[in-house]
Structures are given as structure tokens and as C-alpha cells.
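**Student:** Sharing a structure below in C-alpha cells format, with a few things to ask.
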Amino acid sequence: MKFVILKTTVGTREAYQHHLAAHLAYLEELRLQNQLLSVGSYDDRSGGLLFVEVSGLEQALGLAQRDPFVAAGVESYQVRGWMPTLASEPAPPAEPASTPAASAGPISPHPSEESFRVIDAESDPRFARILETCLPAAELERGDPVRSDFLRRAAGRGLKKLLLLHEDKIAGQLEHAPPEASGLPVSGEGVRVVHCLWVSDAYSGLDGGQLLLAACSEQTKAASLATIAYNATLPWMSRAYFERQGFAVIDQAATGRFYHSTPIVAYLLWHPLLPDAPAPRWDRAQLAEGLAFCPRYPWLAGKRLYWGKDYDYYGVLVTEGLRRPGLLDQLPILETRRTEPWTLVKFGLPTADLNGALELIQASLIADPTYYAQVYNAERLIIVYPDRIFHATPDRASWAEAVRYGLDKGIPEDELVFVPNLFDKNFPG
């Protein structure tokens, strides 16, 4: 049977280069075994695909998982059955839809020597305020209006909050809700959605998180638990952690957003509590639009992509110069201006996300004819072409190399004006 393995680059460029030799050797091994029919990369450097012929879906999944890029976390993958439509090649029988194996049953905590206990926040009036706020005060504003408003509304629709206590001090929390009250775009019959699992750093490596999940499993009486988790390099809701607790990945999606320089990949995870529990679903379109129920999701919140952060840099680009217009949904757009024949947009960036955003912008620009974008602050000016990035300053004398390059690409000289505060001037850009 034939399958397509669709791969998305989720690791850093350094990690890609480090594992490239092993990846190429693996492809050669598949060729020698007559399993690899074709291989190629996407032209925007966001990933690639393998076209393979094996005995069935499980073997195709095994090929994908053994790829050194996948094993090292450089690439994520999806496997799809191939059904040709040309009469010259008979169509194979359709592969039945399958869900990765997940052991059904409640989550059982390991015996813990720590004096932990789990309570429902509603059961103790001392913790009533926790129902409408968040715990890690060093990272979140307790009075965040977006978060507080969501919790107030969701609590009335079935959201529950469990607290992990250590000697009567709060050591962690878990929020779970029916799909209609959850902040995550997950749905399904009998499913309970976990959308916040947090344990204080002081108790990391202990059994606190598992105790919370076990209590959730017992309290909900649901058919299954589901959540959306992310790359292990992100600061919380790690896919690897949930897999260690018996959850299985049943779907994944590249978000197109970055945490520092790391592309963010989302995973739909599932833990059936009953043997016949149906698998959940998620709304990938809603996930791509962004999640705004918690400030810990600033990299998934659409136009609130960098929620709560000051912009250290600003940028300007031409929308007609984008080969991937979806970029506009991933940047915090501050202003739009129509200057014939172009539409200009201004966006903001914090320093921590600068490098990742530059790579994303560069991969989105049309190369023929050549368009460019610029990112700047008071001291720096960065000119981004599809295949070159120039670092300069607001001083025109520093633009010479970038201007020469633009002229060589056929851009008229009067369009190579890299004025940082472009929206305050009359230059078209």
C-alpha cells in the first residue's frame, strides 16, 4: 500500500543541520529496501514529504517515527493513505480510519512520599478567589480581565478547578471543563477537556501533576480526557509529559507561531477512561485563529500574539508581496494603509521573538518579482529580502549594500527607501 508522510519543520536550523546526515542516510536505507518511491521538500523550507510503499498503516507510521528528524524533534509528521485517481494505476482499498492506541482506564497515581492532597477549589472558602484568577503570580496578573472574565463565564457552564496542596499551601492546579465551557477547541461525546495543568517549580519532578490528573479522572466520571499540548521546549503543557501519563497523540498541527525561535506545534491528546470511549475532535481552523482565554497563550492568540508585551521592534511589509498571506494572521497588526498600488501594514515584535519572526517573514515573501520587508527600532534597521537579510541603522549611509542588492533584483531605486517611521512619511516603501 502507498502512503504520503507529510512533514513539518518544527526544530531550529541548527538542529536541522546537526541531524541532516543521519536523515539522508535513513532515506538511502529506505531506497535500498524499495520502500521509498519519492521524496521532496516544500519550496518555502517549511518541511517536505515522503512517498512510500509498505504493507500497511502501522509500517508507514513506523517509517515516519524512525526518521532521525522526527526522532530528534526536528520535524513533526502526518501519515495519509494514497489513493490514485488515474486509470493507469488501480486504486488500493481504502485504509480504515484509525486512532493511535491508548490504554483505556482511570489514571492511577504513584504512591508519593510528599504530603500532597488534591481538593476541589469550590470546597474550601479560603480558595474561592482562585476560581476567578491564576496561581503563578510572578508570571500572570491576577486581575487580568480576559482571564477573569473567561473563568467567571466558564465556571457557570461546568468548569472545575482542582488544587494541589502541600501542607495547606497551593502547589498546583488543574482546570477541566466540558467542551462547551473549555477554552480549547476540542469536542466529542463524553469527553472532558483539560486546559490548564500547572505545578509550582518547587515541586517539579514529583507526583503532583499525576495526582491532579488522577483526581480529575475520578471526579469527572467522563468517558475520556483530552487536551491540547505543545512541543517539549515550551514552558508548559508539554506533549511528552501527557504521553508519560498515558495520553496518546491523535492529531497534530503546525501553528505557524514561534516561541522565541522555535516553531510551535500543537498536539491533540486523548486518554480514554472507558473501553468504548469515542475519540475527540478538534477545530484546527479555530486553533489557527488563536486562543485568547489565558495570557499564557500569547503565541496562539491571533492579533494578541504578543499579549502583554511591549514592542521592542516595529515592522512594515507590503501585503501584495506575500506568497503566504496567512502571515498576517500571525503578526500583531497595528495599522494598515493603502498607498497605490500597495497595501502597507505595520506590526510590532518583542526582542525575544525577533529571530523567529524574521525567518517566518522571509519565507513568506515573493521572490520574483522581489519584495522586501523592514523591521526597525531607534538603533537598528533590518531589511528582509526573500533570500538575504541586511542589518543597518536608520542612517541612510548604512543602506548602501541593501539598496545595491535591491537594484540588482530589479526594484526601482525610488522604492528602496528604508525610512523606519514609514507610516509617518509619504514614502510608498
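**Student:** Return the residues of region 152-177 that are closer than 15 Å to GLU218 by Cα and not hydrophobic (A, V, I, L, M, F, W, C); say none if nothing qualifies.
**Tutor:** Scanning region 152-177 gives LYS160, LYS161, GLU175, HIS176.
**Student:** Hey, among ASP387, ASP414, which residue is farther than 25 Å from THR255 by Cα, free of Cβ contacts under 8 Å to residues at least 40 places away in the same chain and loosely packed, with under 13 Cβ neighbours inside 10 Å?
**Tutor:** None of the other options fit; the residue is ASP414.
**Student:** Separate question: Would you say ALA226 is modelled with pLDDT of 90 or more and within 21 Å of PHE127 (Cβ to Cβ)?
**Tutor:** Criteria not met by ALA226.
**Student:** With respect to LEU268, determine if the residue is over 29 Å from GLU415 (Cβ atoms), surrounded by 22 or more Cβ atoms within 10 Å (Cβ to Cβ) and either at pLDDT below 90 or of a type outside the set (Ser, Thr, Tyr) (or both).
**Tutor:** So LEU268 fits the description; yes.
**Student:** Okay, next question. Can you tell me which residue among ARG323, ARG380 is at pLDDT 85 or above, touching a His at 6+ places or on another chain (Cβ under 9 Å) and charged (D, E, K, R)?
**Tutor:** ARG380
**Student:** Filter region 146-161 for residues that are of a type outside the set (Gly, Ala, Ser) and part of a helix (DSSP H, G or I) and give the result.
**Tutor:** Within region 146-161, VAL146, ARG147, ASP149, PHE150, LEU151, ARG152, ARG153 meet the criteria.
**Student:** Anything in region 311-358 that is over 30 Å from GLU14 (Cα atoms) and of a type in the set (Asp, Glu)? List them, or say none.
**Tutor:** Those that are over 30 Å from GLU14 (Cα atoms) and of a type in the set (Asp, Glu): GLU320, GLU335, GLU340.
**Student:** Here's another thing I want to ask about it. Restricting the search to region 324-364, which residues are surrounded by 15 or more Cβ atoms within 10 Å (Cβ to Cβ) and of a type in the set (Lys, Arg)?
**Tutor:** ARG324, LYS346, listed by residue number.
**Student:** Of the residues ALA226, ALA177, ALA181, ALA215, only one is of a type in the set (A, V, I, L, M) and surrounded by fewer than 20 Cβ atoms within 10 Å (Cβ to Cβ); which?
**Tutor:** Being of a type in the set (A, V, I, L, M) and surrounded by fewer than 20 Cβ atoms within 10 Å (Cβ to Cβ) holds for just one of ALA226, ALA177, ALA181, ALA215, which is ALA181.
**Student:** Considering only region 287-295, I want to know if a residue exists there that is over 14 Å from the mean Cα position of the chain (by Cα) and either assigned to a helix (DSSP H, G or I) or at pLDDT below 70 (or both).
**Tutor:** For region 287-295, residues over 14 Å from the mean Cα position of the chain (by Cα) and either assigned to a helix (DSSP H, G or I) or at pLDDT below 70 (or both): present.
**Student:** Let me ask something additional. Which of the following residues is within 30 Å of GLY11 (Cβ to Cβ), of a type in the set (Ser, Thr, Tyr) and not in a helix (DSSP H, G or I): TYR405, TYR371?
**Tutor:** TYR371
The values are calculated or read from the model by the stated rules, or taken from the named source; none is laboratory data. As the structure is a prediction and not an experimental result, all values here were calculated from the model. Here the Cβ is made from the backbone with ideal geometry for all residues, glycine too, and neighbour counts use every protein chain on show.
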